[in-house]
Amino acid sequence: MDLRSTLLLIGGSACSFKLLNTVVGFLPTPEPARSKAWKWRNISTSLAHSSLTGAGAVLCFYLQPHMAEDLISSCSLLSHSLVAASTGYFIHDFLDMTLNEPLRKSWELLLHHSVVISCFSLAAASRLYVGFALVSLLVEINSVFLHIRQSGPEIASPRPSLAFSITSWLNLGTFLVFRGFTLGWMSRWLACHSEHMPRYVLMMGTAGLTLVSIMNAALFYKLLRADILRNTSKASNNH
């Protein structure tokens, strides 16, 4: 895929996710989410992206397992298209949050999206490091459960539903595997292959992984406190 086709795919992806976001707004909104209609649309669109890219990343490595051995120069049409399409989503989500969410609430995610857009754009435009970007998309497998949890009932309710409890545990489990393990492996790979990359690429990768790792550590603590520690405290008080 040449540069022009890549840019068209990125733009088309951003427009497609914007269209999906608009369509979700016309669908019936659950009662608990009506007070935050924008948030419901945003989470629903993010869930679609996570489902698509998480499954797509697994499929790419299944069809071409040799990509895992060469994350720098290995590239296929499917993997390249997936990274370009994901870049379009992050551009859409960046603009969506900028227009609808106060900066004091969204600056962390905006910073995250800026780093991801920069790294993914480099991979999509140069057709290098596509495999590395594809590994990072495995994180989206956990994001599926994270978005489902966000759209579920409030954890503060006296008795969270069984479905919510199962989703919560799946979210925490996949968090450790697809965020903790994957990001740790990516950091090790980056350190081991630093001599094979230009300095600016190494700096981008290091800055991105550092930022994402810090954000994930904070997010895991919040989830652990909300879903496990708070429920344990409630059970102790009731007992």
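The values are calculated or read from the model by the stated rules, or taken from the named source; none is laboratory data. The shown structure was predicted, so the numbers you read here are calculated from the model rather than taken from an experiment. Backbone-built Cβ (ideal geometry, glycine too); neighbour counts: all protein chains shown. These area figures cover heavy atoms from the full protein model, side chains too; ligands, DNA and RNA do not enter into them. Shrake-Rupley method; radii C 1.70, N 1.55, O 1.52, S 1.80 Å.
Taking Rh as the Kirkwood radius, which is the inverse of the mean 1/r over Cα pairs, what is the Rg/Rh value for the chain?
So for the chain, dividing Rg by the Kirkwood Rh gives 0.99.
Given an 8 Å cut-off on Cα distances and at least 6 residues of separation, report the relative contact order of segment 33-137 as a percent.
Working: 87 pairs, mean separation 39.1, N = 105.
Relative contact order comes out at 37 percent.
Could you work out the relative contact order of the chain? I mean the mean sequence separation of Cα pairs under 8 Å and 6+ apart, divided by the number of residues, in percent.
Values: 222 pairs, mean separation 51.6, N = 239.
Dividing the mean separation by the residue count of the chain yields 22 percent.
If you place +1 on the Cβ of every Lys and Arg and -1 on the Cβ of every Asp and Glu, how big does the dipole about the Cα centre of segment 22-161 come out, in debye to the nearest 20? Please list the in-between numbers first.
On the way: 9 positive and 9 negative charges, 89 e Å.
Computed charge dipole of segment 22-161: roughly 420 debye.
Using the Cβ atoms and a cut-off under 14 Å, what net charge is assigned to the surroundings of Gly131, where Lys and Arg are +1 and Asp and Glu are -1? Mind dumping the intermediate values first?
Details: positive: Arg127; negative: Glu69, Asp70.
Summing Lys and Arg as +1 and Asp and Glu as -1 gives -1.
Considering the options Ile72, Ile43, Thr206, tell which one lies farthest towards the positive end of the dipole of the chain, charges being +1 on Lys and Arg and -1 on Asp and Glu at the Cβ, about the Cα centre.
The one lying farthest along the dipole's positive direction is Ile43.
From largest accessible area down, sort Cys60, Cys75, Cys192; use a 1.4 Å probe on the protein chains. Can you show the working numbers first?
Values: Cys60 5, Cys75 40, Cys192 70 Å².
Highest to lowest solvent-accessible surface, that is Cys192, Cys75, Cys60.
Assign unit charges at the C-beta atoms only (+1 for Lys and Arg, -1 for Asp and Glu), then state the dipole size of the chain relative to its Cα centre in Debye, rounded to the nearest 20. Before the final figure, lay out each step's value.
On the way: 18 positive and 12 negative charges, 148 e Å.
Once rounded to the nearest 20, the dipole reads 720 debye.
Working from the alpha-carbon coordinates of segment 85-142, get Rg over Rh, Rh being the Kirkwood radius.
On the way: Rg = 12.3 Å, Rh = 12.1 Å.
Expressed as Rg/Rh, it is 1.02.
Average the reciprocal distances over every distinct pair of alpha-carbons in segment 72-193, invert the result, and give the Kirkwood radius in Å.
Numbers: mean 1/r = 0.0617 Å⁻¹.
That comes to 16.2 Å for segment 72-193.
Against the longest principal axis of the chain, how steep is helix 182-192, in degrees 0 to 90 to the nearest 10, with axes from Cα atoms?
30
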